[in-house]
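Enquirer: Here you go, one structure.
Every number in this text was worked out from the coordinates using simple rules, so none of it is lab data. Since this is a predicted model, take the numbers as computed values, not measurements. Cβ: placed from backbone, ideal geometry, glycine included. Neighbour counts: every protein chain shown.
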Amino acid sequence: MFEQIFDRVRQKSPLVHNITNYVTVNDCANMLLACGGSPIMADEVEDAVEITEICSSLVINIGTLNRQTIPAMFAAGKRANELGHPVVLDPVGAGASRLRTDTARKLLDEVRFAVIRGNVSEIKTLALGSGTTKGVDADAADRVAEENLDEAVLSAKEFAGRTGAVIVMTGAVDIVADRERAFRIRNGCSMMSSITGTGCQLSALVAAFAAASPEHPLEAAAAAVCAMGLCGEIAYRRLSALDGNSSYRNYIIDAMYHLTPEELEKGADYEVR
Amino acid sequence: MFEQIFDRVRQKSPLVHNITNYVTVNDCANMLLACGGSPIMADEVEDAVEITEICSSLVINIGTLNRQTIPAMFAAGKRANELGHPVVLDPVGAGASRLRTDTARKLLDEVRFAVIRGNVSEIKTLALGSGTTKGVDADAADRVAEENLDEAVLSAKEFAGRTGAVIVMTGAVDIVADRERAFRIRNGCSMMSSITGTGCQLSALVAAFAAASPEHPLEAAAAAVCAMGLCGEIAYRRLSALDGNSSYRNYIIDAMYHLTPEELEKGADYEVR
Amino acid sequence: MFEQIFDRVRQKSPLVHNITNYVTVNDCANMLLACGGSPIMADEVEDAVEITEICSSLVINIGTLNRQTIPAMFAAGKRANELGHPVVLDPVGAGASRLRTDTARKLLDEVRFAVIRGNVSEIKTLALGSGTTKGVDADAADRVAEENLDEAVLSAKEFAGRTGAVIVMTGAVDIVADRERAFRIRNGCSMMSSITGTGCQLSALVAAFAAASPEHPLEAAAAAVCAMGLCGEIAYRRLSALDGNSSYRNYIIDAMYHLTPEELEKGADYEVR
């Protein structure tokens, strides 16, 4: 199944609109190109709406939120909704400040998201009104491990049910859930957290995959999560003794550039519950 | 001739002011350093004008256009005109939205550009009022290939005549034209389009080359286009089986760092008509 | 001593808030992760204050200064002062434009900095009201070499005395001084100046080191400067014939990722006067 989904990304080459932060934007653009998609960025409100119209999906990433771009997020999100384009929310740092938490919540109220992707702390903040976000990384207290995995899956399904969105909760084990089913994904390497923006890149990937298979957002999101994790594994095996997080960043994008739909199908490590 | 032009870049180390997008700005800065120039970025209106005064040339790139920086583009462009500094326009996404198209057109009205560099769709949008820009990449319908090359050259010369600018239209074949002469350049690799920002980097390069040879904007722009394409070829030959678009990005900048004026003279693949 | 200081960075993993420019921000984030810290960026005024509260230190970098983020710099700086967090100023381009010079001076008036890190031209501009900043790079006339080193050290100590900050003046020889003592540091490679943002990355590093050892800002800053220079040396030895400034950028961050506190202790090349 993931083979077909990834194949469609390569064939359709979806144009993905990113209203995102300036820290990791270049990596997101190169990751989108690597997977076979095409990136565009616009954050001035009127420009963002028009650009949304020529795209196939939209990512709203609140990583360096500012008053000038917030209206573009709402306007582009609503226009994408009207056009039936999948919209992905990356609530970077939700729980770490009021502006981020409130903006993410308001976006959830006014925009219909196909997928919400965050770390456990960010998702907990939005789902439960709690969560102890430590900056842009998940707090240790919020870690999803084997012992609390069932509980995390239930909570993701519940949040999916309430929002109508597929929930992607990334951590040591990744959870991708709609109200009924959940993928538990074990692809990836812990070293990925030593690179800035692997989460942002994943959100962009999810948008490309969802754009190419809009009728299957759960599977599309799960395929993107597996693809990203698998590339993290492939890139990790490529590391020489001198390579650190900066080369690793390049190698992960390189791995996506070469990943085939067959390799994704074979390498995807998940179970569905 | 290109040897002397590139040599002058290395000797003069021109300081290039970039009012540009936040997606590819870091690559533009490293590319400028690689060619022997020096980058500086300022986009607050008063700062942009003063920084323009200490620079040798200016790039205006509308990749992530917003209301705050548009006034800086006009003010810095006009100041550069007063000082006789070459100004390069990169109309990223012109044709894809009204804000981009209108701003690019208004810039053409109010600022005298030494060089305008875009893909075929962007240049067609500005030259003819048509063009089917697909986001920030040229639309397939606008592709310049052998069969419509003569027509594209004519249209570039005509647009050059009307604007007084050297027109750089990049694609499978690159065209660099003033009203009378046109370079048809065949350096480069198709894989360059799988990296974000090779166009933006080229615009920055053109500004460095034009700054070092302000009396020869046509030859300076052609030399920069050949240099960029040649580095794309050198970097392509360096790719290992595991290297993808992210490593390729690094290798192209690396290649520019090592490129000598003699190698550029020898490797430049063009004809003049 | 540097061993313990670096060890503390790795153990405490300080969260560092960066109000910084969009040119080099991604490299700063990856460098912070490489040293063992954790980056976060926020520049909307209310967000910046709250994010400062969950961090251990703050960098204010004026590289792409604009009217929207200046209030965030002052508000976050003052809040960090109230909380006793070390604040680092990187006055990029001070001396090159009035907005930069004036903003840097006003920041010095209203915020108490633990460390001020700039090139010689930038520091001279702030310390003496003179300096001939050539864009964002030090002017040749301001070069610190063996013959004027004593004078530069004296002036750094004097400026440290007046501001209460540790002064980090980087160049061929780096000077790190408080009012009484000065480290003269000879780590580093001249090729580091062919990469955009090594200065910005160093400022971020200094903030991480100062956050982990807030009671020893002089030694923390000196350790960070030695670590950055040492990584420049390690990365330089790794360069192949084809590697240029872009690969060098990656290798320096990679080197920081692998650098051990023991290696820093052994490789640090400095004298204290």
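Enquirer: Could you give the alpha-carbon Rg of the protein assembly as shown over 2.2 N^0.38 Å, rounded to two decimals?
Expert: Against the compact-globule rule of thumb, the ratio is 0.90.
Enquirer: I've got another one for you. Only Cα pairs within less than 10 Å get springs; with that Gaussian network setup on chain A, which residue of A:Tyr248, A:Tyr257, A:Tyr22 has the largest fluctuation?
Expert: Taking springs between Cα atoms under 10 Å, the residue moving most is A:Tyr22.
Enquirer: Further question: Summing Lys, Arg as +1 and Asp, Glu as -1, what charge do residues with Cβ under 10 Å from the Cβ of B:Leu264 carry, B:Leu264 excluded?
Expert: -4
Enquirer: Go ahead and estimate [θ] at 222 nm for chain C from helices alone: -39,500 (n - 2.57) per DSSP H run with n ≥ 4, summed, over the residue count, rounded to 500.
Expert: -16500 deg cm²/dmol
Enquirer: Treating only the Cβ atoms of Lys and Arg (+1) and Asp and Glu (-1) as charged, compute the dipole magnitude of region A:136-241 about its Cα centre; round to the nearest 20 debye. Provide the component values of the computation, followed by the final result.
Expert: On the way: 9 positive and 14 negative charges, 70 e Å.
Value, rounded to 20: 340 debye.
Enquirer: Moving on to the next point. Hey, for A:Lys12 with labels 7 Å out along Cα-Cβ, what do the inter-copy distances come to in nm, ordered shortest first?
Expert: Copy-to-copy label distances at A:Lys12, shortest first: 5.0, 5.0 nm.
Enquirer: Now, a different point. What shape does region A:142-273 take by its C-alpha gyration tensor, where a ≥ b ≥ c are the square roots of the eigenvalues and a/c under 1.5 counts as rounded, a/b above b/c as prolate, and the rest as oblate?
Expert: prolate
Enquirer: Please list, by residue number, every one of the trypsin sites (Lys or Arg not before Pro) in region B:55-133 that is coil in DSSP and has at most 13 other beta-carbon atoms within 10 Å.
Expert: B:Arg67
Enquirer: Under a Cβ-Cβ cut-off of 11 Å, what is the net charge of the residues other than A:Gly229 that fall near it, where Lys and Arg count +1 and Asp and Glu count -1?
Expert: That sum, taken over residues with Cβ under 11 Å, equals -2.
Enquirer: Now for a separate question. Between region C:64-140 and region A:169-201, what's the alpha-carbon centroid distance in Å?
Expert: 39 Å
Enquirer: Given a Förster distance of 35 angstrom, what is the FRET efficiency for A:Asp109 paired with B:Asp109, based on the Cβ-Cβ distance and rounded to 0.05?
Expert: 0.25
Enquirer: If you don't mind, there's one more thing I want to ask. Along the positive direction of the dipole of chain B (beta-carbon charges: Lys, Arg +1; Asp, Glu -1; about the Cα centre), which of B:Asn187, B:Gly232, B:Leu65 reaches farthest?
Expert: About the Cα centre, the residue reaching furthest to the positive side is B:Leu65.
Enquirer: Right, here's the next one. Compute a Gaussian network model of chain A, connecting alpha carbons closer than 10 Å, and tell me which residue from A:Asn148, A:Asn119, A:Asn61 fluctuates the most.
Expert: Highest fluctuation among the options: A:Asn148.
Enquirer: Right, here's the next one. What's the minimum Cβ distance from chain B to the axis relating it to C, in whole Å, and which residue gives it?
Expert: Nearest to the symmetry axis by Cβ: B:Tyr22, 2.
Enquirer: Do me a favour and compute the ellipsoid semi-axes for chain C from its Cα gyration tensor, root of five times each eigenvalue, largest one first, whole Å.
Expert: 24, 22, 19
Enquirer: With +1 assigned to the C-beta of every Lys and Arg and -1 to the C-beta of every Asp and Glu, and no other charges, what is the dipole magnitude of the protein assembly as shown about the Cα centre in debye, to the nearest 20?
Expert: Roughly 660 debye, rounded to the nearest 20.
Enquirer: In nm, what does the list of distances from B:Asn148 to its counterparts in the other copies look like, shortest first, when each label sits 7 Å along Cα to Cβ?
Expert: Here the equivalent label points are 5.9, 5.9 nm apart from this one.
Enquirer: Using amide H atoms built 1.01 Å from N in the peptide plane, name the residues 5+ places from B:Asp139, or on other chains, whose amide H lies under 5 Å from its own.
Expert: Here the answer is B:Ser121, B:Thr132, B:Lys134, since their amide H atoms fall under 5 Å of that of B:Asp139.
Enquirer: Scanning chain A for GluC sites (Glu not before Pro) in DSSP loops with at most 16 other Cβ atoms within 10 Å, what's the longest stretch left with none?
Expert: Within chain A, the longest run free of exposed GluC sites (Glu not before Pro) spans A:1-179.
Enquirer: So, one more: Springs between alpha-carbon atoms under 10 Å, Gaussian network over chain B: tell me which of B:Ala207, B:Ala114, B:Ala96 tops the mean-square fluctuations.
Expert: It is B:Ala96.
Enquirer: Sticking with this structure for a sec: What are the nm distances, shortest first, from C:Glu82 to its equivalents in the other copies, labels at 7 Å along Cα→Cβ?
Expert: The projected label point of C:Glu82 is separated from its counterparts by 4.3, 4.3 nm.
Enquirer: Using +1 at the C-beta of Lys and Arg and -1 at the C-beta of Asp and Glu, which of B:Gly267, A:Thr52, A:Cys200 has the Cα lying farthest in the positive direction of the dipole of the protein assembly as shown?
Expert: Of B:Gly267, A:Thr52, A:Cys200, it is A:Thr52.
Enquirer: Let's test the formula: R0 of 45 Å, r as the Cβ-Cβ distance of A:Arg181 and C:Leu239. What FRET efficiency results, to the nearest 0.05?
Expert: Using R0 = 45 Å, I get an efficiency of 0.35.
Enquirer: With θ set to phi - 60°, apply the Karplus curve 6.51 cos²θ - 1.76 cosθ + 1.60 along region C:173-190 and write out the HN-Hα couplings as whole Hz, x wherever there is a Gly or Pro.
Expert: Working through the residues one at a time gives 10, 9, 10, 10, 9, 9, 5, 10, 10, 9, 8, 10, 10, 10, 6, x, 9, 5 Hz.
Enquirer: So which DSSP H runs in chain A come out at 30 Å plus along the axis (Cα) with average Kyte-Doolittle of at least -1.0?
Expert: Result, helices passing both filters: A:217-238.
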